[in-house]
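One structure is given here, and the rest of the page talks about it.
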Amino acid sequence: RVSFSIRAGSYTDELVQTAKTIATPGRGILAIDESSATAGKRLASIGLDNTEPNRQLYRQLLLTTPGLGEYISGAILFEETLYQSTTDGKKMVDVLRDAKIMPGIKVDKGLVPLPGSNNESWCQGLDGLASRSAEYYKQGARFAKWRTVVSIPCGPTALAVKEAAWGLARYAAISQDNGLVPIVEPEILLDGDHSIDRTLEVAEKVWSEVFFYLAENNVVFEGILLKPSMVTPGAEHKEKASPDTIAEYTLKMLKRRVPPAVPGIMFLSGGQSEAEATLNLNAMNQSPNPWHVSFSYARALQNSVLKAWQGLPENFEAGQKALLARAKANS
Ligand code: 5MM
């Protein structure tokens, strides 16, 4: 039996529509789902304490940016933000809806060491995920994100790749059952001095396992989005690759592994500079692709916002302008 017919009658039509809407031409995803610890690091970089009001204010700055919906089709929130309002009392979810931006939610519970592996990790969060997802849907979320990581210098071991792929597939099936489009994100970390060919080899292995288990779990491919790393040399490799080379390798990998039924490929930036992330994405869109190829950046959209804002009320608008400029450039 084909997955589509198994799931007919549930949320299938809505999932397909949600995924298509997020993957509309010229738009991408704003990832602001930093867990509180990561958010603290970002705030510390501009001298702010990691308090709930500071996280709320920063996210309000981002989400209320005038005109954001022209370039951004979805925003991934951390659970805290899904329940927060602006200082004027408007729910963040309603701010997004009014701007024609789909609200999304990070549902994984973070990484922990994977026993039996080569110092690798696995991603927690499957326990209770169905009830959490149903609740997030009620709160207005329409898509979800689960990020796990794969390390090239640590192997990756077959165990770590299988665990990453299986966890993503279980999460994707549970999300779809509860009306949330799952973003599937096995981040292949940039760390290491390996070549671009080695990254290609690992990425092909990872995505083949991910799609194997997605199919086994009867996930509807038309109702998912991918969040891959670009195929680049390791960050410490002796040679840098040009945007054209990165685009060639990344598209080669995706064309070998990702069915055209998947509506959107929304890249993570993974520690690239803002300009690199934009130029690499641009290179990938110089000829037609089977899917919408766009962005789901966190750092590559937010770095210049933090720099412009500095936590000062008089720089609030400058922060928003910086976000709009990055979003437009990627658009
Ligand atoms: C925004 O950060 C996300 C959550 O990270 P933590 O759980 O570590 O706090 C993260 O998943 C992010 O969405 C992706 O890594 C993409 O971000 P970049 O900065 O690589 O574009």
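Could you grab me the full set of residues in the stretch 19-55 that are surrounded by fewer than 15 Cβ atoms within 10 Å (Cβ to Cβ), among the charged types (D, E, K, R) and touching a residue at least 12 places away in the same chain (Cβ under 8 Å)?
Scanning the stretch 19-55 gives a single hit, E52.
Within the set of pairs 6 or more residues apart or between chains, which connect a residue that is β-branched (V, I, T) inside the stretch 273-287 to a residue that is buried (at least 22 other Cβ atoms within 10 Å of the Cβ) with Cβ atoms less than 7 Å apart?
Note: pairs meeting the criteria are T278/N330.
Just to be sure I understand, how many residues within the stretch 181-238 are more than 18 Å from A160 (Cβ to Cβ) and charged (D, E, K, R)?
7
Please count how many residues of the stretch 196-252 are within 16 Å of the ligand (Cβ to nearest atom) and outside any helix (DSSP H, G or I).
10
Given the conditions (1) within 16 Å of the ligand (Cβ to nearest atom); (2) without any contact (Cβ under 8 Å) to a residue 60 or more places away in the chain, report the number of the one that G74 does not fulfil.
For G74, the exception is condition (2).
Please specify each residue of the stretch 269-291 satisfying the condition of being near the ligand (Cβ under 8 Å from one of its atoms) and buried (at least 24 other Cβ atoms within 10 Å of the Cβ).
Residues satisfying the conditions are S269, A277.
Tell me which residues, restricted to the stretch 115-138, are part of a strand (DSSP E or B) and more than 21 Å from E80 (Cβ to Cβ). Give the derivation first.
Taking the stretch 115-138 first, the residues part of a strand (DSSP E or B) are 121-123.
The answer is S121, W122.
Take the stretch 70-91 and flag every residue that is closer than 25 Å to G110 by Cα and of a type in the set (A, V, I, L, M).
Selection gives A75, I76, L77, L82.
Given the conditions (1) over 28 Å from T199 (Cβ atoms); (2) surrounded by fewer than 17 Cβ atoms within 10 Å (Cβ to Cβ), which single one is not true for P115?
(1)
Could you please find all residues in the stretch 292-315 being within 16 Å of the ligand (Cβ to nearest atom) and not in a strand (DSSP E or B)?
Of the stretch 292-315, the ones within 16 Å of the ligand (Cβ to nearest atom) are 293-307.
Passing the criteria: A298, R299, A300, L301, Q302, N303, S304, V305, L306, K307.
It is to be established whether one or more residues within the stretch 1-19 are closer than 23 Å to S269 by Cα and either within 16 Å of the ligand (Cβ to nearest atom) or over 17 Å from the mean Cα position of the chain (by Cα) (or both).
So far as the stretch 1-19 goes, no, none of its residues is closer than 23 Å to S269 by Cα and either within 16 Å of the ligand (Cβ to nearest atom) or over 17 Å from the mean Cα position of the chain (by Cα) (or both).
Does K162 meet the test of being under 21 Å from T199 (Cα atoms), surrounded by fewer than 21 Cβ atoms within 10 Å (Cβ to Cβ) and of a type in the set (K, R)? Lay out the reasoning, then the answer.
On the way: under 21 Å from T199 (Cα atoms): yes; surrounded by fewer than 21 Cβ atoms within 10 Å (Cβ to Cβ): yes; of a type in the set (K, R): yes.
Against the criterion (under 21 Å from T199 (Cα atoms), surrounded by fewer than 21 Cβ atoms within 10 Å (Cβ to Cβ) and of a type in the set (K, R)), K162 qualifies.
Just to check your reading of the model, which residue among T87, T148, T81 is part of a helix (DSSP H, G or I) and closer than 21 Å to E34 by Cβ?
Details: T87 fails: part of a helix (DSSP H, G or I); T148 fails: part of a helix (DSSP H, G or I).
Matching residue, one of T87, T148, T81: T81.
Return only the number of the condition from (1) under 15 Å from the mean Cα position of the chain (by Cα); (2) surrounded by fewer than 22 Cβ atoms within 10 Å (Cβ to Cβ) that A99 does not satisfy.
All conditions pass for A99, except number (1).
Going by the conditions given, is A44 within 16 Å of the ligand (Cβ to nearest atom), modelled with pLDDT of 95 or more and over 22 Å from the mean Cα position of the chain (by Cα)?
Working: within 16 Å of the ligand (Cβ to nearest atom): yes; modelled with pLDDT of 95 or more: yes; over 22 Å from the mean Cα position of the chain (by Cα): yes.
It is true that A44 is within 16 Å of the ligand (Cβ to nearest atom), modelled with pLDDT of 95 or more and over 22 Å from the mean Cα position of the chain (by Cα).
Would you confirm whether or not the stretch 157-170 contains a residue that is without any contact (Cβ under 8 Å) to a residue 24 or more places away in the chain and more than 18 Å from the chain's Cα centre (by Cα)?
Residues of the stretch 157-170 that are without any contact (Cβ under 8 Å) to a residue 24 or more places away in the chain, as a first pass: 158.
If we keep only those that are more than 18 Å from the chain's Cα centre (by Cα) as well, we get 158.
Within the stretch 157-170, one or more residues are without any contact (Cβ under 8 Å) to a residue 24 or more places away in the chain and more than 18 Å from the chain's Cα centre (by Cα).
The values are calculated or read from the model by the stated rules, or taken from the named source; none is laboratory data. Computed from a predicted structure; not experimentally measured. No Cβ is skipped: glycine too gets one built from the backbone with ideal geometry, and neighbour counts run over all protein chains shown.
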